[in-house]
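Just below is one structure, and these are the notes that go with it.
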Amino acid sequence: MKKKLVSVLLCAAMTAGLVAGCGGKAGDTSKGDAKGSVYWLNFKPEADEGLQTLAKEYTEETGVDVKVVTAASGTYSSTLTAEMAKSEAPTLFVVGNQGGVATWKDYCYDLKDTAVYKELTTDDFTLYDESGKACSIGYCYETFGIIVNKTLLDKAGYKTEDIKDFASLKKVADDIHARAGELGFDAFTSSGMDDSSSWRFSGHLANLPLYYEEQADKWTGCPAEIKGTYLDNYKNIWDLYTTDSAVDKTTLATGGYDAEGEFLNGQAVFYQNGSWEYENLSKKYGDDELQMIPIYTGVDGEENQGLCSGTENCWAVNAKASEEDIKATLDFMNWLVTSEKGTTFMAEKFGEIPYKKAAENKNVFFRDAKALMEAGKYSVDWAFNYTPNVDEWRAGVVAALNNYDAGGSWDDVVTAFVDGWATQYKAANE
Amino acid sequence: MAKQVRSHGSATNSKMMRRSIQKWAILFLVPTLASFVIGFVYPFCKGVYLSLCKFTTTEDATFIGFGNYVKAFQDASFVHAFWYTALFAVVSVVLINLFAFLIAYALTQGIRGSNIFRTAFFMPNLIGGIVLGYIWSMIFNGILSRYNTNILMETKYGFWGLIILMCWQQVGYMMIIYIAGLQAVPEDMLEAAKIDGASRAQTLFRVIIPNVMSSITVCLFLTLTNGFKLFDQNLALTAGQPYVFKEGGTVVKTTEMLALNIYSTFYGQNVHARGTAQAKAVLFFILVAGISLIQLRATRRKEVQQ
């Protein structure tokens, strides 16, 4: 009898799992159906905590369910692919560049003429597909350049005003590097090439040669081939970064360096990164100790160059979601960029947002970007958003730079940059 | 008392009882079968179907036929990854099994502290592949930096680095299987060999190895398939670097193995490549399944029935 009881119980336990698996779902979806609900697949891990709270507040205020899921760093593409296949797919997701548009355009709702679109102050960050559909709109933008520790620069006997172009940047950096022993700090932080840092160079730094080529050749879309006209400038700045630094360049490929840590410890004056670093750096440094200056590479007329401002943070709405969900999502987006609570949150977590009712944010790097623009300098847009098969292309550039650092030829970098572009363009557009 | 027990036992064996067990057997099979179908059969069939499609997400695919397979075969990086993986698999199978067997043999000779040795050799298996890759990358680079280079600079560094890593990780595991096999060699057979005056080498090759053939089958199977399926360690140690840039922009990632090649095709390129990656994955399955079946048949034939 006992045995039978045990076997019946075991049987029940095994089948219970299946029943529970099917049963759970029915209950929790019923709530928001009438109004539609929002599912935001978020791209920035650092904003997750804030977003969860904000989602709850929005639900309390309006009764609309908002679910926020954050993909782990570096896995957005795979998470999005998996989530989109589900019956309850994200209604709000991130399509940050032309490559993303090529992949996801069928899933992008045309945002043109929506209420939230009309709140935009600029169309600069809107991504269109070839049919002219507004696939995604920027929800914040960022700026990058060379972050300067002004206290250290001062100690070395210079001011940021001394740096006006590549020649003066090199003069200052060379001098600091030469006196590093006596000063106790070096010019540049390490330029590590592991995955956590290489995008600063294969992505952001590479933006400069790409931007100048974009301007010279008047790109209107992603070019099938690029010329690499400004790669000598890229070499200038890369050589400067890797020479005037405390670490041996042959160890950059695998050294596992922590450039942010070096900057925070006051080991170097210059650190190439972006406005998103403000939150971390401001914990240690006061606003008057930090300044972001343009990345000079030795291009003619660059004394009028400003910071590199642009974004990869662009919202797309899932066109395959139900009508109610699309509406709920658009309302939510609109709330984020118009309501007081929403805009305050956006300013705190995402920085500068290109919307009419944006709240003021305290990030000094945007102050620097604006100051440069007001002084009549031109802002450098994010030409790298055109990069075809961006991960593969960058991986090639990183591998070639590693080879160059170890004593290889610069020609490989040129090949990876120029021929790599053509190859990836072909692969992406076959 | 005794009578009661017997009557209870006969009740279980009675025809009626057996029939009802047979009736219930299907129910007992359901959970296992369901998980097999959900976790293997369905994804596998879907994967094969997707390899014939163009798709962005798996739920939204358009059938296009065999184009993906044509592209997969034309892809120079896939062909390179295939040969590189094959070379890696051969070298790693030989080295891992050789070391594992030697260590197992040494540790069954009654050395003092052999349990500690066994534990120590087995331990690397408990560490995940990604972590191992990064740890070893530090070790290798620590050494190579003395010569002003690093593991990402030369294909041969990446290759032998991965071999060392895999040996370090897998030798212990295979050793355990060999030890189990060695301990199961009948004592009387060894004794008979000794009495007949067989030398140590003769005992090893004529008595012990034929008797542990079933362990060899298992170990060869595991190391061979592990060699082909390797992903984490490959990604963490070199991720395919160094690259060779050929004229015309073709990039060959010289240390990229098959699984990593499939992964980077799927996620690194545009949507059209997802079908190609899926086709590569199906080819990959056929390859690994085919090779391991051949290997199983070949070594099974040499097994001794005890």
Could you please find all residues in region A:33-69 being under 14 Å from A:PRO90 (Cα atoms) and at pLDDT below 90?
A:GLY36, A:PHE43
Determine whether region A:151-173 contains at least one residue that is touching a strand residue (DSSP E or B) at 6+ places or on another chain (Cβ under 9 Å) and within 21 Å of A:VAL398 (Cβ to Cβ).
no
Condition check for B:ASN261: touching a residue at least 12 places away in the same chain (Cβ under 8 Å), closer than 29 Å to A:GLN98 by Cα and more than 10 Å from every other protein chain (Cβ to nearest Cβ):
yes
Within region B:250-306, residues closer than 26 Å to B:LEU222 by Cβ, among the basic types (Lys, Arg) and either touching a strand residue (DSSP E or B) at 6+ places or on another chain (Cβ under 8 Å) or part of a helix (DSSP H, G or I) (or both) come out as B:LYS280, B:ARG297, B:ARG300
Quick one: would you say A:ALA416 is within 12 Å of chain B (Cβ to nearest Cβ) and either surrounded by fewer than 22 Cβ atoms within 10 Å (Cβ to Cβ) or among the small types (Gly, Ala, Ser) (or both)?
yes
Listed by first then second residue, the pairs whose first member lies in region A:325-338 and is assigned to a helix (DSSP H, G or I), whose partner is of a type in the set (D, E, K, R), with beta carbons under 8 Å and at least 6 positions apart or on separate chains, are A:ALA328/A:LYS35; A:ASN334/A:GLU119; A:VAL337/A:GLU119; A:VAL337/A:LYS357; A:THR338/A:GLU119; A:THR338/A:LYS357
Within the group A:TRP410, A:TRP421, A:TRP382, which residue is more than 10 Å from chain B (Cβ to nearest Cβ) and crowded, with 22+ Cβ neighbours inside 10 Å?
A:TRP382
What helices (runs of 4 or more DSSP H) lie completely within region A:68-133 and have 1 or more residues being closer than 18 Å to B:ARG274 by Cβ?
A:76-84, A:98-104
Out of all the residues in region A:101-121, which are more than 9 Å from chain B (Cβ to nearest Cβ), in contact with a helix residue (DSSP H, G or I) (Cβ under 7 Å, 6 or more places away or on another chain), crowded, with 19+ Cβ neighbours inside 10 Å and among the aliphatic types (A, V, I, L, M)?
A:LEU111, A:VAL116
Condition set among the aromatic types (Phe, Trp, Tyr) and within 23 Å of B:MET153 (Cβ to Cβ), scope region B:228-252, selection farthest from the other protein chains (Cβ to nearest Cβ): answer is B:PHE231
Would you point out which residue out of B:THR217, B:THR225, B:THR255, B:THR299 is buried (at least 23 other Cβ atoms within 10 Å of the Cβ) and either away from every other protein chain (no Cβ under 14 Å) or modelled with pLDDT of 85 or more (or both)?
B:THR255
A:SER77 - would you say it is loosely packed, with under 14 Cβ neighbours inside 10 Å and modelled with pLDDT of 80 or more?
no
Looking across region B:141-190 at residues that are free of Cβ contacts under 8 Å to residues at least 24 places away in the same chain and among the hydrophobic types (A, V, I, L, M, F, W, C), the single one that is farthest from B:THR238 (Cα to Cα) is B:MET189
Only unsatisfied item for A:SER30, checking (1) polar (S, T, N, Q); (2) under 15 Å from A:LEU336 (Cα atoms); (3) modelled with pLDDT under 60, is (2)
Among the residues of region A:359-367, is any within 26 Å of B:ASN261 (Cβ to Cβ) and either away from every other protein chain (no Cβ under 14 Å) or out of contact with any Ser or Thr (no Cβ under 7 Å at 6 or more places or on another chain) (or both)?
no
Please go through (1) part of a helix (DSSP H, G or I); (2) at pLDDT 90 or above for A:THR250 and return the number of the only condition it doesn't satisfy.
(2)
Looking at region A:89-104, which of its residues are at pLDDT 90 or above and not hydrophobic (A, V, I, L, M, F, W, C)?
A:PRO90, A:THR91
Selected residue (only one of B:ALA100, B:ALA89, B:ALA104 is of a type in the set (Gly, Ala, Ser), more than 16 Å from B:ILE163 (Cβ to Cβ), assigned by TED's automatic domain parsing to the domain that holds B:TYR178 and in contact (Cβ under 8 Å) with a residue 12 or more places away in the chain):
B:ALA104
Give the number of residues within region B:209-249 that are hydroxyl-bearing (Ser, Thr, Tyr) and in contact with a strand residue (DSSP E or B) (Cβ under 8 Å, 6 or more places away or on another chain).
1
Restricting to region B:30-42, what's the tally of residues that are more than 9 Å from every other protein chain (Cβ to nearest Cβ) and surrounded by 11 or more Cβ atoms within 10 Å (Cβ to Cβ)?
7
Scanning region A:76-94 for residues that are among the hydroxyl-bearing types (Ser, Thr, Tyr) and at the interface with chain B (Cβ under 9 Å from one of its Cβ atoms), which turns out farthest from A:ASP110 (Cα to Cα)?
A:SER78
Counting just the residues of region A:127-174 that are without any contact (Cβ under 8 Å) to a residue 12 or more places away in the chain and among the basic types (Lys, Arg), which one comes out surrounded by the fewest Cβ atoms within 10 Å (Cβ to Cβ)?
A:LYS159
Anything in region A:388-399 that is at the interface with chain B (Cβ under 7 Å from one of its Cβ atoms) and not in a loop (DSSP other than H, G, I, E, B)? List them, or say none.
A:ASP391, A:GLU392, A:GLY396, A:ALA399
Taking the residues in region A:266-283 that are touching a Phe, Trp or Tyr at 6+ places or on another chain (Cβ under 9 Å) and not in a strand (DSSP E or B) as candidates, determine which candidate is surrounded by the fewest Cβ atoms within 10 Å (Cβ to Cβ).
A:GLY266
Out of curiosity, is A:SER190 in contact with a strand residue (DSSP E or B) (Cβ under 8 Å, 6 or more places away or on another chain) and outside any helix (DSSP H, G or I)?
yes
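The values are calculated or read from the model by the stated rules, or taken from the named source; none is laboratory data. What you are looking at is a predicted structure, and each value in this text was computed from that prediction instead of being measured. Ideal geometry is used to build each Cβ from the backbone, glycine not excepted, and the neighbour counts take in all protein chains shown.
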